[in-house]
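Okay, so here's the structure we're looking at.
No lab work stands behind these numbers, since they all come straight from the coordinates. These numbers were taken from a predicted model, which means no experiment stands behind them. As a convention, Cβ positions derive from the backbone with ideal geometry for all residues, glycine included, and neighbour counts pool all protein chains shown.
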Amino acid sequence: MTSLSPENNSSIPKEKEVDTLEIDLEKAVRNRKNFAIISHPDAGKTTLTEKLLLYGGAIQQAGAVKARGEQRKVTSDWMELEKQRGISITSTVLQFEYNQITINLLDTPGHQDFSEDTYRTLAAADNAVMLEDAAKGLEPQTRKLFEVCRLRKIPIFTFINKMDRPGQEPLSLLDEIEAELGLATWAVNWPIGSGDLFRGLIDRKSKDIMIYSRSERGKQSLEKRFNINDPELNDLVEDDLLEKALEELELLEEAGSDKDFGKIRSGELTPVFFGSAMTNFGVRPFLDSFLEMAQGPVARKAIDGPVDPLSDAFSGFVFKLQANMDPRHRDRVAFVRVCSGRFKKDMSVRHARTGKVIRLSRPQKIFAQERAVVEDAYPGDVIGLNNPGMFSIGDTLYTGQRVEYEGIPCFSPEIFSWLRNPNPSAFKNFRKGVNELREEGAVQILYDSDPSKRDPILAAVGQLQLEVVQHRLGSEYGVETRLEPLSFQVARWVDGGWPALEAVGRIFNSKTVQDSWHRPVLLFKNEWNLNQLKEDHPELALRAVAPVVSGVDPITL
Ligand code: G4P
């Protein structure tokens, strides 16, 4: 990639070359869906992903998505830190075709690698699949990710997994979603029994019954469909189980929400599916219905208004940066979500923040550990660009008329640590590293409100994020640093800033710091202390997600 020229260079290509391009773009947008899975670790995200990819023919065998243990060590060429920890930092996006639809599944890192990137990925997703373990119901990580989806008002589809195991009553699982998330539910299918007594699913629309059978060949279940009046069913399902399921469905018809496409599109109503990813039961019907109901690439909000994906001009934004993914090249990759127009290899685009024109000569698609050069990409797709330090999270790239997408907000950090530089002679590099990594979006930097304590506080969503920053400070800036953990777990921004905070007077059991944009941030040791403050000062509005700031110089070290 080469930077060609400063602002006002007129070498940006005209997009409207030939009419056929427009037809291609329209068709490509019509046939594209993109989504991310939101779940708590162990709900079955990897298993479900594997099964979805099998339908797309993208992988030959289950187990290929996340190679584990020894196998992983052999095949992985990800960054050194990842290797040391033996975990998967990211595969970022998996693209596969199914029924002539191009599906982009954006990966949301979830285990030890849960980080701000997980939230940011949701900024690039048009739909979300909320995956629950039927025995556990809603879990903390799912709730947090759901909140981000709610802010973006994207459609949310729920898959209740592990029905082959004893689980909670399906009605109480729906109640929990409605009561705790304030999200209305509409069951697309309904389970007959669960655990050892799991017999299958009733399709709510056709009333067909799909019988679950523990197949002798491995763990895959056969999906045999029967009409509800088929006498053969008598041998396959106990009367009382079927009766109970039908009664519950009747209850839903009477007291449940109506199916409303408008509400599905705005994320107010979630279609719910039951199934078992491991035995591949209910996954294909889920995929079929999901593709029918999910939204395609939508017009995305830019500062000057929404941008139509069918617009002639290309635009996209950076939602994630990854450093040193391939240790042989020590490179950095910026992941760009294409929002409008057609992206072509070697295209010159303008970088909205700096005004520079950049030629994108080696765009990549990254599939698990494989990389391939992309010839073209369309709205809803993700491309990986080599990033010689030019891109930051939220940056917009465009051709034609200037576009600048609304930035990606700051998400509530959960891990805090002083970053110490024990070697004063390395201060220059320390400062450079901290400022650049903050600008890039690798970590949030907070500062003590006492100016004599000038060391930065690193604030991250996951522990790995801190380790990556420390590792990069060493390898890229040559400074060895020390992390001194602070015992806080919750952060909230204050609506109304410093004046609102001063108006409530002294606050107990919390530490006030400022973020890099001079905004007050309250740190709490636990949720309990946060709730205490909310009770004592209901007038104080606190936010877990802080909007992007523009036109203000950040605090630098
Ligand atoms: P994650 O990515 O969300 O963390 O979950 P993952 O798919 O790794 O699944 C977590 C565990 O749950 C795995 O078992 C997996 O086999 C199991 N699992 C997933 N879907 C189902 C299901 O529908 N039914 C049942 N009974 N189990 C399911 P594990 O023992 O931790 O790993 P493994 O030995 O199976 O690889």
#### Entry: Residue order, fewest to most surrounding Cβ atoms within 10 angstrom, among ARG492, ARG420
ARG420, ARG492
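Any idea what diffusion coefficient segment 410-546 gets from Stokes-Einstein, in µm²/s, Kirkwood Rh on alpha carbon pairs, 25 °C, 0.890 mPa s? Before the final figure, lay out the partial values.
Numbers: Rh = 15.5 Å.
Translational D for this selection: 158 µm²/s.
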### Query
Using 1/(1 + (r/R0)^6) with R0 = 22 angstrom and r between the beta carbons of ASN509 and GLU484, what's the FRET efficiency to the nearest 0.05?
0.55
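Need one number: the % of Cα-Cα pairs in segment 176-322 sitting beyond the 19 Å mark.
On the way: 6773 of 10731 pairs.
Percent of Cα pairs beyond 19 Å in segment 176-322: 63.
Just to verify a number: FRET efficiency for ASP24 and ASN229, C-beta to C-beta distance, R0 = 60 Å, to 0.05?
0.80
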### Net charge, ARG225 excluded, C-beta distance under 10 Å - Lys, Arg +1, Asp, Glu -1
-3
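Test of understanding: ordering SER39, SER417, SER257 by Cβ neighbours within 10 Å, fewest first, what list do you get?
Working: SER39 24, SER417 21, SER257 17.
Least to most surrounded, the residues fall as SER257, SER417, SER39.
Where both residues lie in segment 97-225, what percent of DSSP beta bridges are antiparallel, nearest 5? Walk me through the numbers before you get to the answer.
Numbers: 15 of 21 bridges.
Bridges in segment 97-225 are about 70 percent antiparallel.
About the Cα centre of segment 415-557, how large is the charge dipole given +1 on each Lys and Arg Cβ and -1 on each Asp and Glu Cβ? Please answer in debye to the nearest 20. Walk me through the numbers on the way to the answer.
On the way: 16 positive and 18 negative charges, 57 e Å.
Dipole size: approximately 280 debye.
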### Residue exposure sequence - LYS162, LYS428, LYS301 - by fewest surrounding Cβ within 10 Å
LYS428, LYS301, LYS162
